1. Given the structure, is A:Val61 open to solvent by 20 Å² or more (accessible area, probe 1.4 Å) and either facing another protein chain (nearest Cβ under 9 Å) or farther than 24 Å from A:Leu197 by Cβ (or both)?
2. When the residues of the stretch A:71-105 are filtered to those that are more than 26 Å from A:Phe35 (Cβ to Cβ) and over 21 Å from the mean Cα position of the chain (by Cα), which remaining residue is farthest from ligand 1 (Cβ to nearest atom)?
3. For the stretch A:67-79, which residues satisfy the criterion of being modelled with pLDDT of 95 or more and open to solvent by 40 Å² or more (accessible area, probe 1.4 Å)?
4. Can you tell me which residues in the stretch B:241-281 are within 16 Å of ligand 3 (Cβ to nearest atom), at pLDDT below 95 and either part of a loop (DSSP other than H, G, I, E, B) or among the acidic types (Asp, Glu) (or both)?
5. Identify the residue in the stretch B:193-229 that is at pLDDT 95 or above and in a loop (DSSP other than H, G, I, E, B) and, among all such residues, is nearest to the chain's Cα centre (by Cα).
6. Take B:Val194 and tell me if it is within 14 Å of chain A (Cβ to nearest Cβ) and within 15 Å of ligand 1 (Cβ to nearest atom).
7. Report yes if B:Asp181 is more than 16 Å from ligand 1 (Cβ to nearest atom), among the acidic types (Asp, Glu), assigned to a helix (DSSP H, G or I) and in contact (Cβ under 8 Å) with a residue 12 or more places away in the chain, otherwise no.
8. Within the stretch A:269-319, which helices (runs of 4 or more DSSP H) (wholly inside it) include 2 or more residues that are within 16 Å of ligand 3 (Cβ to nearest atom) and under 22 Å from the mean Cα position of the chain (by Cα)?
Amino acid sequence: MSDRVRTTLGALELPNPVLTASGCGGTGRELAQFFDLSRLGAFVTTSVMAQARAGRPTPRVTETPSGLLTAMGLPGPGIETFLERDLPWLIEQDVRVIVSLAGNSVEEYGDLALRLRHVPGVAGIEVNVACPNVEDRGRMFARHPSAAAAVVRAVRAHARPGVPVLAKLAPDVTDIVTIALACVDAGADGLTLINTLEGMAIDPGTLRPGLTGVSGGLSGPAIRPVAVHCVYQVHAALPSTPIVGVGGVASGLDALEFILAGASAVAVGTALFHDPNAGPRVLRELEEALAARRIARLADAVGLAHKPAGYVPPQVRPQEPEKETL
Amino acid sequence: MSDTPVQTSATVLTVRQVQDYHAMTLVAPAVAERFRPGQFLALAIGGEHTSRLARRCFGVHEVKSDYGGTVEIVFADTEPGTAWLAGRRSRDQVDLLGPLGRPFRLPRDPVTCLLVGGGPGGAAVFALADTLLRRGCQIHFVLGGPHAKAVFGSRMAQRIGDSATVTTEDGSMGERGTVRDVLPRVLRETGADVVYGCGPTGLLRAVTQAAGEFGLPSQVSVEEFLQRTGACGTGVCMTCMLPVHGDDGVTRMVRACADGPVLRGDRVRWGDLGTIPFDALGAPRVLSVSEGGSQ
Ligand SMILES: Cc1cc2nc3c(=O)[nH]c(=O)nc-3n(C[C@H](O)[C@H](O)[C@H](O)COP(=O)(O)OP(=O)(O)OC[C@H]3O[C@@H](n4cnc5c(N)ncnc54)[C@H](O)[C@@H]3O)c2cc1C
Ligand SMILES: Cc1cc2nc3c(=O)[nH]c(=O)nc-3n(C[C@H](O)[C@H](O)[C@H](O)COP(=O)(O)O)c2cc1C
Ligand code: FES
């Protein structure tokens, strides 16, 4: 693989910027049937909670134009089984693993981070703050700067020093920049933007909500413009904070769009349901897109859309053969 | 690793109307070669730049070695996705994943098998019949549907089976009634050692119940449930969950696509499909609005 696509998320160095989005790559075993997971920049796990959860009843998903509306209820095996069964397997695959954590209270997030502290092989932690805060009438942490910051602070305090902590934010808030600032002040080393947007569909056949959970999270290419805007705004306010862009990445050009907006990496979510090979494909297409634009290094493209028109990034000279490592 | 699924752009060979359904034959040698009865395919709908992201899952009716290896699916065009599929023509390309899921477990000895099919799902029992016949098993069919044109494969069943019983709710073919009505009699008359089922949930439930009454193992494909609930077919989206109880008596939510579609009938909690039973592992104690949010 060429050096061109190397990237960093704070202290975490990645061979390439293409990750899986939390909740969309299964345990990793399912995707490993289709490609070698070590080809990913990193594998982001489904959000792990303290207890096993069965999630919501079916139907949990409805298809919407260029999107999916899902209400899963955060199903998962719980941290115990995750540490025994899923994480060791992932680490064996030689892929960097970013563990996503979710909790119903600040304390639960802190406890989960503590459980990971002495587990070797965890490359990073992503804090999914789009969870209901049971101590505050079920209001989503992600909607309140102080609540989101409290969660990040608890995780940062318990996580192993040196392991980057990324805060994953919800887009449907009054001002995402305020929440991003609060999380970074609380110790987040980076941000993942964005989680799903709340939405709803009504079945014209049954005349009732299409999902058992009534409302659900909208994902897929339908939300990409929202996600790109969030990345752009936050990068403008916090240019040195690394960002993972998420939301409707389905091609290399989609990934490039996020990078130009200010993301140092992208995560592929819903596209994996459509195409299990989307990860390696997006990477290949991104490499081609950079080459076609003669952009020497991915890092030179990060946030390029913020530069004045006419600014030219460092370019590969056409006669210079591409440097290959490995 | 020939037992791993592949993703391929398959060429449509033919699309034919068969009674109420469409039968589509796709050229996909790598899939045909790996396929074992009970496994399924997940097709992308709408072409390369589609706005429809969920895959559609279909059981395989028949695998042939023609044109290097073809697979045939049978489906009803009940929604825009399947209607798009029905509109494909010879030489069109369809993005296909397969073969996916766990196949039917096969008897080691040449035993007597009862194969029960309903609606388009019934098409998948014929791929199983092929394999069982090659192993020297006796096979008997029970096929059912609301009316004659909804019963798939009755003539083929008569041709290849040791017996074939057809039921229709309106009496337009075979016996009037449902599969449930004839199963006990057919089980008695055929002396079947094992029962296989593929079709709507109600039919699978009846198959399990009848097999249980005769002390027989039942293996059923929850393909129809998967078609209704699934989005990926590969086990990553977790949208196709159904409750199954294990050896340890604990109920777990399993994926119809990756843990099935073939399940032991007696393990499935048929009455609780579409719910999270309160005693399932990880079931929420109280499903309040604050549980889960939008994820
Ligand atoms: C039709 C048939 C013919 C057979 N013929 C022979 C024969 O000729 N000779 C012979 O020696 N044996 C035979 N057997 C027995 C067979 O080899 C297995 O022993 C039998 O299928 C039981 O396997 P199992 O309990 O390990 O279930 P598995 O095959 O492991 O599982 C069956 C299905 O149930 C689901 N399941 C099981 N347990 C759980 C759980 N705890 N949680 C979630 N899902 C679960 C799985 O998802 C799986 O799809 C036959 C069995 C059948 C059904
Ligand atoms: C079925 C499903 C499950 C998800 N589960 C999680 C999760 O456990 N934790 C999390 O932080 N985000 C979760 N997400 C959100 C995704 O990680 C991602 O942020 C969002 O879907 C937008 O990206 P996409 O359009 O590429 O899917 C989930 C999304 C979907 C569709
Ligand atoms: S259809 Fe996606 S997990 Fe079963």
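1. Details: open to solvent by 20 Å² or more (accessible area, probe 1.4 Å): yes; either facing another protein chain (nearest Cβ under 9 Å) or farther than 24 Å from A:Leu197 by Cβ (or both): yes.
Judged against the criteria, A:Val61 is a match.
2. A:Ser105
3. The answer is none; no residue qualifies.
4. If the condition is that a residue be within 16 Å of ligand 3 (Cβ to nearest atom), at pLDDT below 95 and either part of a loop (DSSP other than H, G, I, E, B) or among the acidic types (Asp, Glu) (or both), then B:Gly260, B:Leu273, B:Gly274, B:Ile276 are the ones that fit.
5. Residue satisfying both the conditions and the ranking: B:Val222.
6. no
7. The answer is yes for B:Asp181.
8. Counting at least 2 such residues, we get A:271-274.
The values are calculated or read from the model by the stated rules, or taken from the named source; none is laboratory data. Bear in mind the structure is a predicted one, so any value in this text is a computation, not a measurement. Virtual Cβ from ideal backbone geometry, glycine too; neighbours counted across all protein chains shown. SASA here: full protein model, heavy atoms, side chains in, ligands and nucleic acids out. Shrake-Rupley method; radii C 1.70, N 1.55, O 1.52, S 1.80 Å.
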